[in-house]
Amino acid sequence: MKVAAVIRKKGQDVVTVLPHCSIAETADIMRHKRIGSLVVCDAKGELVGVIAERDIVYGLAAQGAALLGLEVRDVMSPKVVTCDPEESCWNAMATMQKHHVRHLPVMDGHDLVGLISVGDVAKARVDDMRLEARVLRDQILAAH
């Protein structure tokens with residue numbers, strides 16, 4: 001299965017945040033949207049980073065309560081690992097594992113077309129396995 005199929009099922013909506021937003025605002029967005037990561041885009045819509053729950057927790061450990069007043073740009077990961085919509089889910093999962101990230105922005109050239117998580121890829125794989133099992137079961141039943 002390709003990443004594009006996961007994006008089609010999940011939807012292309014990606015919640016983004018500007019680099020100058022406060023960590024308090026960012027954490028509130030994550031809480032309300034029930035998501036663990038936000039893509040950071042500049043005013044032109046260009047991808048400039050990712051901020052995840054992990055970044056906020058590490059920042060809290062280092063900065064204490066002062067973290068809440070800092071800006072996203074102070075805490076985000078600026079080196080963003082991305083994937084292509086035509087990439088296989090296996091490759092995307094291997095990329096996540098290699099770089100120790102749970103979310104990958106999906107880029108079609110310079111365009112942000114989605115965001116996938118480890119959970120999205122795992123769900124897609126489980127759905128594939130269920131379909132394969134049903135097909136095999138039906139083939140066995142048809143043969144008898």
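Coordinate-derived values only; no laboratory data. What you are looking at is a predicted structure, and each value in this text was computed from that prediction instead of being measured. Positions of Cβ are backbone-derived with ideal geometry, glycine not excepted, and every protein chain shown enters the neighbour counts.
The figures follow:
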| read-out | value |
| --- | --- |
| Per-region count, region 104-144, residues assigned to a helix (DSSP H, G or I) and over 12 Å from the mean Cα position of the chain (by Cα) | 22 |
| Residue in region 43-54 that is part of a helix (DSSP H, G or I), more than 18 Å from Lys10 (Cβ to Cβ) and out of contact with any Lys or Arg (no Cβ under 7 Å at 6 or more places or on another chain) present | yes |
| Unique match (being under 16 Å from Met107 (Cβ atoms), in contact with a helix residue (DSSP H, G or I) (Cβ under 7 Å, 6 or more places away or on another chain) and buried (at least 18 other Cβ atoms within 10 Å of the Cβ)) among Val3, Val17, Val50, Val39 | Val3 |
| Residue in region 20-32 that is surrounded by the most Cβ atoms within 10 Å (Cβ to Cβ), counting only those that are part of a helix (DSSP H, G or I) and touching a Gly at 6+ places or on another chain (Cβ under 9 Å) | Ile23 |
| Scan of region 73-91 for residues that are surrounded by fewer than 18 Cβ atoms within 10 Å (Cβ to Cβ) and either small (Gly, Ala, Ser) or more than 24 Å from Val6 (Cα to Cα) (or both), ordered by number | Arg73, Asp74, Ser77, Pro78, Ser88 |
